[in-house]
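Structure first, commentary second.
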Amino acid sequence: MVETIKPISKIELRFKLADIKKPSSQIIVYCNSELIGATERIDNKSEPFFNTTINIDYYFESVQKLYLLAINHNLKTLDFTKIDQIDVVGEFTTTIGDLISRDGKRLIGDIKDKDKITGKIEITAEEIHETGHNIILQLKGKKLDKKDLFSSDPYFKIYKSSPSGNSIVFESSVIKNNINPIFDPIVIRLQELNGGCMFRELTFEFWDHNDIVEDELIGSFRTNTDEILKYSMIKDFPIINQKLKSKKSNYENSGIINFIDSRILLKPTIQDFINGNDNNNNCCLIDLMVAIDCTESNGDQKLETSLHYNVPPYQNQYIRSLLAIESELLISFGVKLEKRVELFGFGAVINNHPNHNFRFYNVVDGIRPNTLKGGIGGVIELYDKAIPKIKFNSPTNIRLIIEDATRISLQDFHSTQLKYSILLILIDSDITDYESTVDAIIESSKAPLSIIFIGVGEYSFKNIPQLDAEKNGNIRLIGRFDRKQIRDNVHFISFKEFSINQNHFQNELLRKLPNQLTEFMEYKNYLPNGLSYTQTEINKIK
């Protein structure tokens, strides 16, 4: 039995460039030739300090080669398969071992483009201690400075300190026309806030939002997590504007902040949500929806060469995928699919018109939805009856399917009855409505929905993997009008990559589901028992 090598810790990397001559910069990070992540893009700065950090597992006895590529572009989203077509600022190579052995875990070097020095890069590493905890904070302001004529539109940012400077952790929403704001509660992973160190310095900056001119600093204060937890509700934190303080001899502060809530909680797991409370009440329901590719690239379903050919004892990849997800839900999460599973189709001719979102039960005469069997057994039975009657067509458009699934996932969802849906899309080629699908996925990221693409057949997929942030340096999608994906709720799997080992395929199917579900519940501020964080009294965990 081969022992799996485990990382000894997780390393957080921060980056800064200097002396660069190109207008926009972004750093792409590779480790041992594998894409790990990317920073944000910064425009019009010759010495950009990137707020986005890159986390990487550290293996003490392995050589981990870091290749850093600084690029110049003005694209909303990057196609990582075409990085070689983008303008290069410079590149730099080192190892994780070399970086963490340096004083202060800090390395400065030259970035080069074709052996010519084009600037400098500064890399800082920090060991992150994963705590498995969340911290809840709620801030209340009092008598903030009036930056507008009669009031201010305040919001705040949280920064954590590091040897190379502060890095942003969180930015709140804006509260309009209020110098005594009560901000919404926020939930942050403790390691993201302070790296697991309760005494790490934190800076809270307060700003006045302006629609036309640049936002104006109200002031800031410094503290740490330990102080916040100890003195919540009883201590005033004065906001200080250093510029005003240096000009006014009688200056006191630019407002007062109180923490009206500060608590640490264990981060809930997917099983906590599925199981509910001790009486098995308020458990999170798991629903499944399935979408089947009915485009002509599948081939004539009557022929053995067709991807939809399904004559016993042969099982095609569509059927094998359905059976795999049913088995994995039961084995890994104890979820038995008993309700009717909604079965969509796309890419066929229905009633003499191309249709990119139809229900399979409408294809078979005499079938009513309420007469269909539940679970995957009902899906396969309906599939076998409908597929011979479907006229395959083109193109491959899936936006309508995702929009419909998003709407369905939100039905009957509320804080006292949690529900989470999975949309399984079985598809044999890339999509032709990519941009509108990106917009639909961005909207779906706000809903209790995970989207799993399974690529069937021998096609080499190109644009569908780009929808999976994990395969693109963990960079989330950006759509039209700069709308951003709230969380990564997409997973792409190519069936042919796992065709030799069905067990590996089954394990991969729902690998991302636990994080996707818990991240959504964090985004909505829900606990496993159906109550929100602000409704629940939980003792602080020291």
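In table form, for the structure just shown:
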{"read-out": "Candidates per chymotrypsin sites (Phe, Trp or Tyr not before Pro) in the stretch 15-124, loop by DSSP, up to 12 other Cβ within 10 Å", "value": "F60"}
{"read-out": "Listed residue (S172, S151, I186) projecting farthest to the positive dipole end of the stretch 115-196, Cβ model", "value": "S151"}
{"read-out": "By accessible area with a 1.4 Å probe, ligands and nucleic acids excluded, highest first: order of I257, I274", "value": "I274, I257"}
{"read-out": "Environment charge of Y318, counting only residues whose C-beta is closer than 10 Å and scoring Lys/Arg +1, Asp/Glu -1", "value": "-1"}
{"read-out": "Within the chain, helix-based [θ] at 222 nm, where runs of 4 or more DSSP H residues each add -39,500 (n - 2.57), nearest 500", "value": "-5500 deg cm²/dmol"}
{"read-out": "Cα-based helix-to-principal-axis angle, 317-333 vs the chain, degrees rounded to 10", "value": "50 degrees"}
{"read-out": "Cα-based convex hull, the stretch 245-400, per residue volume (Å³, whole number)", "value": "259 Å³"}
{"read-out": "0 to 90° range, to nearest 10: angle between helix 375-386 axis and the chain longest Cα axis", "value": "50 degrees"}
{"read-out": "Total formal charge among the other residues, if their Cβ is under 11 angstrom from that of E47, Lys/Arg +1 and Asp/Glu -1", "value": "+1"}
{"read-out": "Amide H contacts under 5 Å for G219, placed H, 5+ residues apart", "value": "F206"}
{"read-out": "Separation of alpha-carbon centers, the stretch 1-61 and the stretch 104-154, rounded to whole Å", "value": "14 Å"}
{"read-out": "Rg/Rh for the chain, where both radii come from Cα atoms and Rh is the Kirkwood radius", "value": "1.00"}
{"read-out": "Viscosity 0.890 mPa s, temperature 25 °C, Stokes-Einstein D of the stretch 385-457 from Kirkwood C-alpha radius, µm²/s", "value": "179 µm²/s"}
{"read-out": "Nearest 10 degrees, 0 to 90: helix 434-444 Cα axis against the chain principal axis", "value": "70 degrees"}
{"read-out": "Chymotrypsin sites (Phe, Trp or Tyr not before Pro) restricted to DSSP loop in the stretch 192-283 with at most 11 other C-beta within 10 Å", "value": "F199"}
{"read-out": "Accessible area of the chain belonging to carbon and sulfur atoms, whole % at 1.4 Å probe", "value": "48 percent"}
{"read-out": "Over 31 Å (Cα to Cα) - which of K16/K484; K140/K247; K339/K391; K65/K230; K391/K446; K114/K471 fall in this group", "value": "K65/K230; K391/K446"}
{"read-out": "Per-residue SASA entry for R476, accessible area with 1.4 Å probe, Å² rounded to 10", "value": "110 Å²"}
{"read-out": "Dipole magnitude of the chain about its Cα centre (Cβ charges: Lys, Arg +1; Asp, Glu -1), debye to nearest 20", "value": "1100 debye"}
{"read-out": "Charged-residue dipole, Cβ positions (Lys, Arg, Asp, Glu), the stretch 169-266 about Cα centre, Debye nearest 20", "value": "380 debye"}
{"read-out": "Total formal charge among the other residues, if their Cβ is under 9 angstrom from that of T518, Lys/Arg +1 and Asp/Glu -1", "value": "-2"}
{"read-out": "Whole-angstrom gap from the stretch 162-195 to the stretch 463-495, using each part's C-alpha centre", "value": "25 Å"}
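The values are calculated or read from the model by the stated rules, or taken from the named source; none is laboratory data. Not measured: the values here are computed from a predicted model. Cβ coordinates were reconstructed from backbone atoms using ideal geometry, including for glycine residues, and neighbour counts include every protein chain displayed. Keep in mind that these areas ignore ligands, DNA and RNA; they rest on the heavy atoms of the full protein, side chains included. Shrake-Rupley method; radii C 1.70, N 1.55, O 1.52, S 1.80 Å.
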